[in-house]
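Structure first, then comments.
The values are calculated or read from the model by the stated rules, or taken from the named source; none is laboratory data. Please read all numbers here as calculations on a predicted model, not as lab measurements. Because the Cβ atoms are built from the backbone with ideal geometry, glycine has one as well, and the counts that use them run over all protein chains shown. Heads up: the accessible areas ignore ligands, DNA and RNA and are worked out on the full protein's heavy atoms, side chains in. Shrake-Rupley method; radii C 1.70, N 1.55, O 1.52, S 1.80 Å.
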Amino acid sequence: MTHILVATDAWHPQVNGVVRTLTMMAEAAKGFGVEVSFLTPQSFRTFAMPSYPDLRLALPYPARIAKLIEAAKPDSIHIATEGPIGLLVRRYCRKHGLPFTTSFHTRFPEYVSARSPIPESWVWRALRAFHRPSQAVMAATPALAAELRTRGFRNVVLWSRGVDTSLFHPRSADLCLPMPVFLCVGRVAVEKNLEAFLDLDLPGTKLIVGDGPARAALERKYPDAVFLGARHGEELAEIYAASDIFVFPSKTDTFGLVLLEALASGLPVAAFPVTGPRDVIGAAPVGVLDEDLHKACLEALQVSRQDCVEFATAHTWQASARVFVEHALNVRSEPPEGEVAEFGAKDPHFAA
């Protein structure tokens, strides 16, 4: 059986799109004879990330990383994140001349600048350096891929996402809340732009599902909204099905798996016309994308729920996994190369 080792700093018990994507992709890949295993923070001591205590980062060390890679004997290595594990696996591959692929899941420049005075251009420069030796930088949407190429990333390829329609589908459910229910699901953090949704004057109920560092402050500021915290599996699927509109206020997500989960459950989408919702929905009549989010929410009430379900069924994890495997295995050996020269090289896109 072909074996792909994925190095990731994002892993259970974290609840986010990266973890769900990797988990569902690996499960689907089994269906066509590919084993995907993971090198994760579970093999190391961890510490709470500053300003985000619910997210823990690993404290890996080179000898342990080398031992885990050599014990796995993978046919291919994929680095999913740019964190401590990703950095040391990248270092090992470069030292030993092993080809590898990477993926771009998170818009760190925007996330970092929202929490600190570090210029976005500095973060983009570091990300370009990280991904430069990758033989395939996997991006979730055409718009993101085009942006990465414009910013100086090389070998950018598409790797879209899927949805589990056996879990997320229309069903009879009642939240016992004033209708219509405008639902938002995801991490409750500053970069998700939740206040753009919570500030809206909408009929019915504004419902937030998820947890994160901004939850306590938002609950105090918006007492009329309903915050349920994190929900999973069947419970989450029932909440989707019992709601009326899915609101996606984020302007920084690279894809937004929750968009497909909502559509599969029969929920029209209301969102800003930005990368993520624009690429997932496109011109399909399954939502309303508008700079006026209030207008988008109200107009989405007229969208056919059945059209949403039919749209989502075209996005399977099996198709997503096949594309990932093709990219991960389409690599070639390369000679070892020093890290110092690479990270010290002049970057012509420094001002990007």
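Points to keep in mind about this one:
- Every helix of 4 or more DSSP H residues in the chain counts as -39500 (n - 2.57), and over all residues that averages to -11000 deg cm²/dmol at 222 nm.
- Taking every protein chain into account, the accessible area of the chain amounts to 44 square angstrom per residue (probe 1.4 Å).
- When each of the peptides 317-326, 78-87 is scored by the mean number of other C-beta atoms lying within 10 Å of its residues, the order from highest to lowest reads 78-87, 317-326.
- Amide H contacts of VAL6: SER37, PHE38, LEU39, HIS78, each under 5 Å away and 5 or more positions distant or on a separate chain (H built 1.01 Å from N in the peptide plane; Pro and chain starts excluded).
- Placing dummy labels 7 Å off each Cα toward the beta-carbon, the span from GLU291 to ARG149 is 2.7 nm.
- Paramagnetic reach from ARG64 (point 7 Å along Cα→Cβ, amide N under 15 Å) across region 24-47: 39-47
- Acute angle (nearest 10 degrees) that the helix 62-72 long axis makes with the longest principal axis of the chain, alpha-carbon atoms: 80
- Of the residues GLY233, PRO41, CYS297, the one whose Cα sits farthest toward the positive end of the charge dipole of the chain, with +1 on the Cβ of Lys and Arg and -1 on the Cβ of Asp and Glu, is PRO41.
- Using alpha carbons only, the radius of gyration of region 154-297 set against its Kirkwood radius gives Rg/Rh = 0.95.
- Rounded to the nearest 20, the size of the Cβ-charge dipole of the chain about its Cα centre is 1380 debye, with Lys and Arg at +1 and Asp and Glu at -1.
- Excluding same-chain neighbours fewer than eight residues apart, the lysines reachable from LYS251 by a Cα-Cα span under 23 Å are LYS192, LYS206, LYS221, LYS295.
- Fraction of accessible area attributable to carbon and sulfur, region 69-216 (%, probe 1.4 Å): 56
- Debye equation applied to the C-alpha atoms of the chain, log10 I(q)/I(0) at 0.06, 0.07, 0.15 Å⁻¹: -0.22, -0.30, -1.35
- Eligible aspartates and glutamates near LYS95 by straight Cα distance, threshold 14 Å, same-chain separation 8 or greater: GLU70, GLU334, GLU337, GLU339, GLU342
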